[in-house]
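Okay, structure first, notes after.
The values are calculated or read from the model by the stated rules, or taken from the named source; none is laboratory data. The shown structure was predicted, so the numbers you read here are calculated from the model rather than taken from an experiment. Don't worry about glycine lacking a Cβ; one is built from the backbone with ideal geometry, like all the others, and counts go over all protein chains shown.
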Amino acid sequence: MKFTRLRVLGFKSFVEPIDLHIEPGLTGVVGPNGCGKSNLVEALRWVMGEASYKNMRASGMDDVIFSGSGNRPPRNTAEVTLVIDNADRTAPATLNDADVLEVSRRIEREAGSVYKINGRDVRARDVQLLFADASSGAHSPAMVGQGKIGELIAAKPKDRRALLEEAAGISGLHNRRHEAELR
Ligand code: ATP
Ligand code: MG
C-alpha cells in the first residue's frame, strides 16, 4: 500500500493547510523540538482510524483540533486526508475499481468524526479494516512509537501474538469474525 499524499488542516499545530507529497523511498521529517514532527505522524495514525485519544497524546478527541496560539483563534474542525496509490489493487475488493483512494477523516467539536473514502461516507470500521488488511493500520508494527521496542521485549506472549497477527495481516479477519459472532 503506497501512500502518496497527506493533507492536513486544523489538526493539532497544523492550522495552515499542508499538502505533503510522499515520494517513493525513505522520507525523513526533521525540525526543532515542538515543530510538529510527532503531530504529523499522529495525523497519519488518526486518518487510519485511531480510536484512542490517549494514543494522540490528548485528553479527549476534540483536543486534536487546533486550539489557538498567539493571535490565531482556535478552529472548530480538523481534517486529514491520505491519498493512496491503489494501482496494485491491494485494497479490499469493494474498493478495487479505483486507481487512487482518498481516505479522509474530519472532526467537528462535540460532533465526533466523519470518514470518507473517495468522497463516499463510510464507517470508522471500514477505514480501520482497509488498513488492517494491508498490515499498515494505526496499531500496525509498521508504526513504531517511542518506547515500543522495550515494551515488545517485556510483553506477555498473548500481547506479542496480537502484534504478529497484525504484521501477518490477519487481524482484520479476527475483527470481522468477532463482528459476525455478535450478530
Ligand atoms: P520533539 O522534537 O520534541 O519530539 P515534535 O516536532 O515532535 O517535537 P510535536 O510534539 O509534534 O513536536 O508538537 C508539539 C507542539 O504541538 C506543541 O507546541 C503543542 O503546543 C502543539 N500542539 C499540540 N496539540 C495542539 C493543538 N490541539 N492546537 C495547537 N497546538 C497544538
Ligand atoms: Mg516528537
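With the requirement that a residue be modelled with pLDDT of 95 or more and out of contact with any Ser or Thr (no Cβ under 7 Å at 6 or more places or on another chain), what does the stretch 1-15 give you?
If the condition is that a residue be modelled with pLDDT of 95 or more and out of contact with any Ser or Thr (no Cβ under 7 Å at 6 or more places or on another chain), then Thr4, Arg5, Leu6, Val8, Leu9, Phe11, Lys12, Ser13, Phe14, Val15 are the ones that fit.
Quick check: is even one residue across the stretch 71-88 on the phi > 0 side of the Ramachandran plot and in contact (Cβ under 8 Å) with a residue 24 or more places away in the chain?
Among the residues of the stretch 71-88, not one is on the phi > 0 side of the Ramachandran plot and in contact (Cβ under 8 Å) with a residue 24 or more places away in the chain, which makes the answer no.
Name the residue that is surrounded by the fewest Cβ atoms within 10 Å (Cβ to Cβ), counting only residues in the stretch 83-121 that are among the hydrophobic types (A, V, I, L, M, F, W, C) and part of a strand (DSSP E or B).
Top of the filtered list is Val100.
What are the pairs with Cβ atoms under 9 angstrom where one residue, in the stretch 18-30, is under 11 Å from Arg7 (Cβ atoms) and the other, located anywhere, is in a loop (DSSP other than H, G, I, E, B) and of a type in the set (Lys, Arg)? Sequence gap at least six, or different chains.
none
Out of all the residues in the stretch 135-149, which are closer than 18 Å to Asp88 by Cα and modelled with pLDDT of 75 or more?
none
Just to be sure, is Val47 within 11 Å of ligand 1 (Cβ to nearest atom) and β-branched (Val, Ile, Thr)?
In short, no.
Please specify each residue of the stretch 1-35 satisfying the condition of being over 19 Å from Thr81 (Cβ atoms) and either within 12 Å of the chain's Cα centre (by Cα) or surrounded by 12 or more Cβ atoms within 10 Å (Cβ to Cβ) (or both).
Within the stretch 1-35, Cys35 is the sole residue that qualifies.
Checking the conditions here, which among Thr27, Thr81 is away from ligand 1 (no atom under 14 Å from the Cβ) and modelled with pLDDT under 95?
Result of the check over Thr27, Thr81: Thr27.
State which residue is surrounded by the most Cβ atoms within 10 Å (Cβ to Cβ) when the search covers only the stretch 36-75 and only residues that are more than 20 Å from the chain's Cα centre (by Cα) and either in a loop (DSSP other than H, G, I, E, B) or within 13 Å of ligand 2 (Cβ to nearest atom) (or both).
Arg75
Just a yes or no: is a residue in the stretch 122-134 out of contact with any strand residue (DSSP E or B) (no Cβ under 6 Å at 6 or more places or on another chain), in a loop (DSSP other than H, G, I, E, B) and surrounded by 15 or more Cβ atoms within 10 Å (Cβ to Cβ)?
Yes, the conditions are met somewhere in the stretch 122-134.
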